[in-house]
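What follows is a set of notes on a single structure, which appears directly below.
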Amino acid sequence: MRLKERLHYTAEALWDKEKGGKVATNGFKVSFDTPEDYGGRERHPCPDQLFLASITGCLMNTFLYYRSHLGAKTEDIKINAKAEIQLLNPNGYRIKGIDAHIQVWSTEEEVDLNRTCAERAQDYCHLTKSIEEAIPIKVTITVHERARKKSKVTISRCQRD
């Protein structure tokens, strides 16, 4: 699969006439809202949460790209991210750092290949790489080894009289 040299996306935010709205992007719609602490109703994720969702999604998609490209067999994958956001008066809020944790479950035979896919996600996720100079990002990787389930075969023999 040859990668495109350039990608182009657009997004348009429309106000919901309350404290949030909807973003339309390439035919998809995502709702957002303001947290209750800031006068919103918190009916949907706030933009900070959607920002973290974008980062975890990019890490996941990058992992899945390399998984497919390298032929890895993966039992499961989960990515968590958290952000530290600080009020810096009079400049408002700033993201001080992001911690992401990639967890992969794999059979013993596929551990090294799945670790390689996770490391490539860490190295090539374009969103984290694009913002890392402005926001410190720490990505940790854990590959959990699952023992291959042994099939239990029961053979019943019928005795004839």
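Summary of computed values
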| item | result |
| --- | --- |
| Criterion violated by GLY92 - all others in (1) touching a helix residue (DSSP H, G or I) at 6+ places or on another chain (Cβ under 9 Å); (2) small (Gly, Ala, Ser); (3) farther than 21 Å from THR140 by Cα satisfied | (1) |
| Complete set of residues in the range 17-34 that are part of a loop (DSSP other than H, G, I, E, B) and either at positive phi or surrounded by 15 or more Cβ atoms within 10 Å (Cβ to Cβ) (or both) | LYS17, LYS19, ASN26, GLY27, THR34 |
| In the range 22-45, the residues that are touching a strand residue (DSSP E or B) at 6+ places or on another chain (Cβ under 8 Å) and without any contact (Cβ under 8 Å) to a residue 12 or more places away in the chain | LYS22, LYS29, GLU42 |
| Residue tally, condition assigned to a strand (DSSP E or B) and not aromatic (Phe, Trp, Tyr), over the range 67-107 | 25 |
| Single residue of the range 95-127 satisfying the filter (in contact with a helix residue (DSSP H, G or I) (Cβ under 9 Å, 6 or more places away or on another chain) and exposed (fewer than 15 other Cβ atoms within 10 Å of the Cβ)) that is nearest to THR140 (Cα to Cα) | ASP123 |
| Residue check for SER54: hydroxyl-bearing (Ser, Thr, Tyr), at pLDDT 95 or above and in the same structural domain as ILE137 (by TED's automatic domain parsing) | yes |
| Selection from the range 42-86 of residues that are surrounded by fewer than 17 Cβ atoms within 10 Å (Cβ to Cβ), within 14 Å of ARG115 (Cα to Cα) and small (Gly, Ala, Ser) | SER68, GLY71 |
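The values are calculated or read from the model by the stated rules, or taken from the named source; none is laboratory data. Computed from a predicted model, the values in this text were never measured in an experiment. Virtual Cβ from ideal backbone geometry, glycine too; neighbours counted across all protein chains shown.
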